[in-house]
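Working notes, beginning with the structure itself.
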Amino acid sequence: MRRNRGFTLLEIMIAFSILLAGVVGVYAVFAAGLVAHKRAVDNTTAAVLAGSLFDDIAANYDVWYYDRDHDGTPDLGEDGNNNGTPDWFELDSGGRPRYPVPQRGGYRYTVRYERSDVVPQELFVTAQVYWRQENAEKSATFRRSIFLKNLPELEP
């Protein structure tokens, strides 16, 4: 009798199939992790942008965020020249932002104000931050109450 040593072709094929199933499972978990990481980065960036915006409103309300017509939207957050872009996101001739408000490439936002009925210096601010993710527009809403020492009173 002759003794054969080693593995048969069938045994090798079965071993490679098991190995392949394991590797494909690891790649699937890795891909799902990358998608979750991108989502987390976008949500964190939106939250940081909203926080910067709230801080800037508190510091510079009289300069960049004033709402002269009291419609709940900052004047520069409106599209004054009807070109489809809010005024504070417009670029100058050199391609730089025209106004020094918080901005982040790939993100845009809208701001709404509500006045407090109880405290005249309190302004309720809602920021809606938008970005593109997986061929769709995503958004997150952030709210904060801001106290402004010199908030002009509304006319009756």
Original post:
Restricting attention to the range 135-156, which residues are in a loop (DSSP other than H, G, I, E, B), among the hydrophobic types (A, V, I, L, M, F, W, C) and at pLDDT 85 or above?
Top reply: Leu148
Subject >> Search result, residues across the range 90-115 that are more than 16 Å from Ile57 (Cα to Cα) and not basic (Lys, Arg) >> reply: Glu90, Leu91, Asp92, Ser93, Gly94, Gly95, Pro97, Gly105, Gly106, Tyr107
Subject >> Search result, residues across the range 100-123 that are under 18 Å from Ala50 (Cα atoms) and exposed (fewer than 14 other Cβ atoms within 10 Å of the Cβ) >> reply: Pro100, Gly105, Gly106, Glu114
**OP:** Please state which one of Leu91, Leu151 is over 17 Å from Ala47 (Cα atoms) and surrounded by 14 or more Cβ atoms within 10 Å (Cβ to Cβ).
**Re:** Leu151
Original post:
Of the residues that make up the range 61-70, is at least one among the aromatic types (Phe, Trp, Tyr), assigned to a helix (DSSP H, G or I) and touching a residue at least 60 places away in the same chain (Cβ under 8 Å)?
Top reply: yes
**OP:** Filter the range 42-68 for residues that are surrounded by fewer than 20 Cβ atoms within 10 Å (Cβ to Cβ), closer than 14 Å to Val111 by Cβ and among the acidic types (Asp, Glu) and give the result.
**Re:** Asp55, Asp56
Original post:
Would you say Val129 is assigned to a strand (DSSP E or B) and more than 30 Å from Leu34 (Cβ to Cβ)?
Top reply: no
**OP:** Would you confirm whether any residue within the range 35-54 is at pLDDT below 90 and in a helix (DSSP H, G or I)?
**Re:** yes
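The values are calculated or read from the model by the stated rules, or taken from the named source; none is laboratory data. As the structure is a computational prediction, the values presented were derived from the model and not from experiment. Neighbour counts run over all protein chains shown; Cβ positions are idealised from the backbone, glycine included.
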